[in-house]
There are 2 protein chains.
Amino acid sequence: MLDMGIIRQVNSGMYSLLPLGLRVLQKLEALVDSEMTKAGAQKMLLPILTSATLWNRSGRLKTIGSELFTVEDRHKKLYVLNPTYEEAICELLAGIIPITSKDLPLKLYQISRKWRDEMKPRLGLLRGREFVMKDLYTFDTNLENAQNTYNKICESYDSLFKQIGVDYVKVIGAAGIIGGSLSHEYHYLSDIGEDTVLLCQSCGYSVNSEVLNLSSCLKCNNNLSSHSAIEVGHTFLLDTKYSKPLNATFLDGPKPKPLVMGCFGLGLTRIIAAVVEILSTNEVLRWPNNLAPFNVCILTPKKGSKEEIAAPYAEQIFGILNELNVDTIIDDRIHLTIGRRMFDANRTGYPFIIVIGKTASNQNPMFEIHDVKNSTRIDTNIEGIINYFNNQDINREIKQNEAVV
Amino acid sequence: MLDMGIIRQVNSGMYSLLPLGLRVLQKLEALVDSEMTKAGAQKMLLPILTSATLWNRSGRLKTIGSELFTVEDRHKKLYVLNPTYEEAICELLAGIIPITSKDLPLKLYQISRKWRDEMKPRLGLLRGREFVMKDLYTFDTNLENAQNTYNKICESYDSLFKQIGVDYVKVIGAAGIIGGSLSHEYHYLSDIGEDTVLLCQSCGYSVNSEVLNLSSCLKCNNNLSSHSAIEVGHTFLLDTKYSKPLNATFLDGPKPKPLVMGCFGLGLTRIIAAVVEILSTNEVLRWPNNLAPFNVCILTPKKGSKEEIAAPYAEQIFGILNELNVDTIIDDRIHLTIGRRMFDANRTGYPFIIVIGKTASNQNPMFEIHDVKNSTRIDTNIEGIINYFNNQDINREIKQNEAVV
């Protein structure tokens, strides 16, 4: 294997996801898909280019024009490289006639790349110009039902963030360029964050400082603490803000009514960048176990070393761990020392490293298991490896749930 | 469930993949991923926008300029919405230093959307302006090794097309805008195809008529037959055509040498459109079994019907089929008649339909299994359903293989 790294900047604010980086994204996508399926949402894919005419109709071509990448085709028709898809999804539903109240709630989402022509892209994937986002749009008959749907999706978000396992906060959000009547944000607290959130340690009230700039809690009057934070999710109850101008309606009686809408974003590449920033140290890259590109990296003996004879154990251990559904990779760059590959493994962020080292060629072969997070090492035989990973609360291979529509 | 269909045109040559359509794409992607992993290729993701500077360096900004969608950012820097990624992948490898002969062959692929500003988009997904493509790039030390890699990838393509199960032909290809020293194309024969391929029934020689316009076989002099065909895959042995101008080199001694390159495209949305076109009739949409959005659709009794009491069998049968890894959906639009939903199911292309009909409320409940492809129907009980799907050569849920790098 060629150690290419995780991501690589290509242009200002634009990154390649290298094979290990893409694996992280795919694991996060599988977690998101699973939660969305449980919430009754259906996955789809909208074209990346949307006619600027629609953005004109919603009024956003003007209001956020300078942040939009646009493309003109050979017939001089203008398209927007979408940062978000409210216009496009409304236009789609406007063309599906008739939608009736029996079809609602309807929940449609996609995971795809989005664009925003930031003035100053910075902090790597945290504020890129091209990024991967999950965007879900929900449609209901009235505001009360839409609020119920909204609450359920917030529960899905909570479940997702708990599975990722990095502490997060949910705060009252700023409606920003999306608008609507109610909004929440999901944040990771971090010194490098560009948002500021205010938290009440007493009653749990929490708000983005852009919404209200308070020093004491609105609810219980206790002190609020202020924290830098990275916004990774944002939910909006939009009401009919987009469905009205874009004619996305349903039938419930003779006259079409505008659909009542919610939208729910998750910045997937931003989540990836944020959790790595929060969990890592200067020496060791660290992923949440269920997002690590692989959970175990096996280091084979260096070519020409005394223990080279033990090399076949790599495949044996690999096979065993696969049987246990432990996501494993072999670093077979046998022209490099174990030390050098250990350095690379720490830089990649595998939670566990198994070294086939000197004692592997003993009569009773022993292997090193390194738990990177806890900086522990144990030496054990094959049976010990089986027991160790049978007992670990590590990531099992994520099976994508089948969607039940 | 709301029956939204499979795909929907949004703009000329641009389509939304609706939930059922996206499932088809995901199944095809899983087949492709599995073949690529077996071939030792690693999946990654390059930014969709590539600097026009690179396209200038390869000379293609001029040669295919009018078919490129381009974007200017707020700093007036020009980007290309890539139709293909030879420039981008070479630039990436040029930045990874040093690549040595020990790292080769290197095989990197992505599955992503690509763009081509066609003068006249037509035939739906067959010739769209936005499409989903798998593009693989391989890198070797010399032409002989690159030719070996090329042959292996062609074997992967053969294996993939056999799994899809629709007859295809592999012909000598036209190098076109990609160039290089050797090229093959994979085609489905179809009257609506825009290519013409010449086939020798005697010795198997086959060629795109753009390459050579022959009436008799070059190899055995027998007659060639001429067929309209849809190109769905294209492979190129590129040699150093792109690696040289873009400085993608490796070390094998003191002096860097240009990597010897191959590239291998597969039009995923085009495959989907082509197989449906070939397999379907006027009345019934038909998918290859391993690409159907679901393999079985269960129709529940209509609301208010005598057999409504048998509705709970739907969940029971659904559970059983899931246990058998048969990909199943329930059409629970109980306000519609069975006949209407049967019509929709045939239009969607489920290979099997199970109806919970009149005899389902008998003391010994019986259900209808419709095999759409063979236009057969049998009536059987739950045990009969289990036996039926245990014996069918239908698609099992596709498990994505873990990549071993």
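Structural remarks
- Residue selected from the range B:289-321 under the condition surrounded by fewer than 22 Cβ atoms within 10 Å (Cβ to Cβ), assigned to a loop (DSSP other than H, G, I, E, B) and not small (Gly, Ala, Ser), by the criterion nearest to the other protein chains (Cβ to nearest Cβ): B:303
- Looking across the range A:343-381 at every residue that is in a loop (DSSP other than H, G, I, E, B) and small (Gly, Ala, Ser), the one that is nearest to residue A:288 (Cα to Cα) is identified as A:349.
- Filter result (polar (S, T, N, Q) and within 14 Å of another protein chain (Cβ to nearest Cβ)) within the range A:322-372: A:322, A:325, A:328, A:348
- Count of the range A:322-342 residues which are part of a helix (DSSP H, G or I) and under 27 Å from the mean Cα position of the chain (by Cα): 1
- Members of the range B:180-205 that are within 15 Å of residue B:233 (Cα to Cα) and more than 18 Å from the chain's Cα centre (by Cα): B:182, B:183, B:194, B:195, B:196, B:197
- Annotation: of all residues in the range A:149-168 being among the hydrophobic types (A, V, I, L, M, F, W, C) and assigned to a helix (DSSP H, G or I), the one that is nearest to residue A:258 (Cα to Cα) is A:153.
- Residues of the range B:20-41 satisfying the condition of being crowded, with 22+ Cβ neighbours inside 10 Å and facing another protein chain (nearest Cβ under 8 Å): B:21, B:23
- Flag: residue A:268 matches the condition of being within 12 Å of another protein chain (Cβ to nearest Cβ), among the hydrophobic types (A, V, I, L, M, F, W, C), touching a residue at least 12 places away in the same chain (Cβ under 8 Å) and closer than 30 Å to residue A:233 by Cα.
- Looking across the range B:55-69, the residues that are within 11 Å of chain A (Cβ to nearest Cβ) and either among the acidic types (Asp, Glu) or more than 21 Å from residue B:134 (Cα to Cα) (or both) come down to B:65, B:66, B:67.
- For the range B:300-336, a residue qualifies if it is hydroxyl-bearing (Ser, Thr, Tyr) and at pLDDT 95 or above, and the qualifying residues are B:300, B:313, B:328.
- The set of residues in the range A:74-101 being part of a loop (DSSP other than H, G, I, E, B) and within 11 Å of chain B (Cβ to nearest Cβ) consists of A:74, A:75, A:77, A:85, A:95, A:96, A:98, A:99.
- Scan of the range B:108-151 for residues that are in contact with a Lys or Arg (Cβ under 9 Å, 6 or more places away or on another chain) and either away from chain A (no Cβ under 14 Å) or of a type in the set (D, E, K, R) (or both), ordered by number: B:113, B:116, B:117, B:118, B:120, B:126, B:127, B:129, B:130, B:135, B:142, B:149
- Residue count for the range A:238-263 satisfying the condition of being in a strand (DSSP E or B), buried (at least 24 other Cβ atoms within 10 Å of the Cβ) and of a type in the set (A, V, I, L, M): 3.
- Across the range B:44-53, a minimum of one residue is classified as in contact with a Pro (Cβ under 6 Å, 6 or more places away or on another chain), within 23 Å of residue A:12 (Cα to Cα) and at the interface with chain A (Cβ under 9 Å from one of its Cβ atoms).
- Residues (of a type in the set (Val, Ile, Thr) and under 21 Å from residue B:106 (Cα atoms)) located in the range B:149-190: B:149, B:153, B:178
- Screening the range A:1-19 for residues that are part of a strand (DSSP E or B) and more than 8 Å from chain B (Cβ to nearest Cβ) and picking the one that is surrounded by the most Cβ atoms within 10 Å (Cβ to Cβ) gives A:7.
- Counted residues, the range A:75-94 - those being closer than 30 Å to residue B:66 by Cβ, charged (D, E, K, R) and surrounded by 20 or more Cβ atoms within 10 Å (Cβ to Cβ): 2
- Residue list for the range B:125-148, restricted to those being surrounded by fewer than 24 Cβ atoms within 10 Å (Cβ to Cβ), in a helix (DSSP H, G or I) and of a type outside the set (D, E, K, R): B:126, B:143, B:145, B:147, B:148
- Qualifying residue in the range A:392-402 (condition: modelled with pLDDT of 95 or more, outside any strand (DSSP E or B) and surrounded by fewer than 18 Cβ atoms within 10 Å (Cβ to Cβ)): no
- Odd one out for residue A:105, checked against (1) farther than 25 Å from residue A:12 by Cβ; (2) facing another protein chain (nearest Cβ under 9 Å): (2)
- Residue in the range B:239-248 that is farther than 23 Å from residue B:102 by Cβ, out of contact with any helix residue (DSSP H, G or I) (no Cβ under 6 Å at 6 or more places or on another chain) and in the same structural domain as residue B:86 (by TED's automatic domain parsing) present: yes
The values are calculated or read from the model by the stated rules, or taken from the named source; none is laboratory data. Just so it is clear, the structure is predicted and the values come from calculations on it, not from any experiment. Positions of Cβ are generated from backbone atoms using ideal geometry, with glycine treated the same way; all protein chains shown enter the neighbour counts.
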